[in-house]
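S.K.: Before we start, here is the structure in question, set down as structure tokens.
The values are calculated or read from the model by the stated rules, or taken from the named source; none is laboratory data. Everything quoted here is computed from the prediction, not taken from an experiment. Cβ: placed from backbone, ideal geometry, glycine included. Neighbour counts: every protein chain shown. What goes into the accessible areas is simple: the full protein's heavy atoms, side chains included, and nothing from ligands, DNA or RNA. Shrake-Rupley method; radii C 1.70, N 1.55, O 1.52, S 1.80 Å.
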Amino acid sequence: MEPKKSSGLAIASMVLGIVAICLSCCYYYVSLPCAVIGLILGGVALSKVKAGTGDGKGMAITGLVLSIISIIPAIIVIYIGGSLFAELQSMM
């Protein structure tokens, strides 16, 4: 009996989701690209699982969820930073 192989795309999606969630509040310029790539890889891995040509459904879903969740604080940080910058510009 051959052991199941896990999908490399699902693993990469999960790793990028973890990196994105860890860096989303401080390093948004690293977090956003990681989250977007994690979303893409997770979607591709999940479609392969549904087509029956891949494995790693749990890791693909985890990567998708973490990537989606990490986008929210990054957008908030960008918005607050832009607001503060605009306020400082208007004061000068």
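S.K.: Step by step: first the residues of the range 23-39, then only those that are part of a helix (DSSP H, G or I) and over 10 Å from the mean Cα position of the chain (by Cα), then the one that is surrounded by the fewest Cβ atoms within 10 Å (Cβ to Cβ). Which residue is that? Steps first, answer last, please.
M.R.: Here is the first cut: in the range 23-39, the residues part of a helix (DSSP H, G or I) are 23, 28-39.
If we keep only those that are over 10 Å from the mean Cα position of the chain (by Cα) too, we end up with 23, 28-30.
Values: Leu23: 19, Tyr28: 21, Tyr29: 9, Val30: 15.
Ranking the qualifying residues of the range 23-39, first place goes to Tyr29.
S.K.: Still on this structure, I have one more. When Leu16 is evaluated against the numbered criteria (1) part of a helix (DSSP H, G or I); (2) at pLDDT below 95, which criterion, by number, is the only one it fails?
M.R.: (2)
Every residue, every condition in (1) open to solvent by less than 60 Å² (accessible area, probe 1.4 Å); (2) in contact (Cβ under 8 Å) with a residue 24 or more places away in the chain; (3) touching a Phe, Trp or Tyr at 6+ places or on another chain (Cβ under 9 Å), yes or no:
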| position | (1), (2), (3) |
| --- | --- |
| Leu41 | yes, yes, no |
| Gly56 | yes, yes, no |
| Gly63 | yes, yes, no |
| Ser70 | yes, yes, no |
| Pro73 | yes, yes, yes |
| Glu87 | no, no, no |
| Met91 | no, no, no |
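S.K.: Where residues in the range 75-85 are open to solvent by 80 Å² or more (accessible area, probe 1.4 Å) and closer than 30 Å to Met14 by Cβ, which of them is nearest to the chain's Cα centre (by Cα)?
M.R.: Step one: list which residues in the range 75-85 are open to solvent by 80 Å² or more (accessible area, probe 1.4 Å), which gives 75-76, 79-80, 84-85.
Restricting the remaining residues to those that are closer than 30 Å to Met14 by Cβ gives 75-76, 79-80.
Numbers: Ile75: 13, Ile76: 16, Tyr79: 19, Ile80: 21 Å.
Applying the filter and picking the extreme gives Ile75.
S.K.: Take the residues in the range 43-54 that are of a type in the set (A, V, I, L, M) and closer than 18 Å to Val65 by Cβ, then tell me which one is surrounded by the most Cβ atoms within 10 Å (Cβ to Cβ).
M.R.: That would be Ala45.
S.K.: Another one. Within the range 33-58, count every residue that is of a type in the set (A, V, I, L, M) and within 11 Å of Leu16 (Cβ to Cβ).
M.R.: Residues of the range 33-58 that are of a type in the set (A, V, I, L, M), as a first pass: 35-37, 39-41, 44-46, 49, 51.
Those left that are additionally within 11 Å of Leu16 (Cβ to Cβ): 35-37, 39-41.
Residues in the range 33-58 being of a type in the set (A, V, I, L, M) and within 11 Å of Leu16 (Cβ to Cβ): 6 in total.
S.K.: Hey, another quick one. Determine whether the range 58-66 contains at least one residue that is within 15 Å of Ser7 (Cβ to Cβ), in a helix (DSSP H, G or I) and in contact with an Asp or Glu (Cβ under 9 Å, 6 or more places away or on another chain). Break it down stepwise before answering.
M.R.: Within the range 58-66, the subset within 15 Å of Ser7 (Cβ to Cβ) is 58-64.
Now restrict to residues that are in a helix (DSSP H, G or I): 58-64.
Then drop every residue that is not in contact with an Asp or Glu (Cβ under 9 Å, 6 or more places away or on another chain), which leaves none.
So far as the range 58-66 goes, no, none of its residues is within 15 Å of Ser7 (Cβ to Cβ), in a helix (DSSP H, G or I) and in contact with an Asp or Glu (Cβ under 9 Å, 6 or more places away or on another chain).
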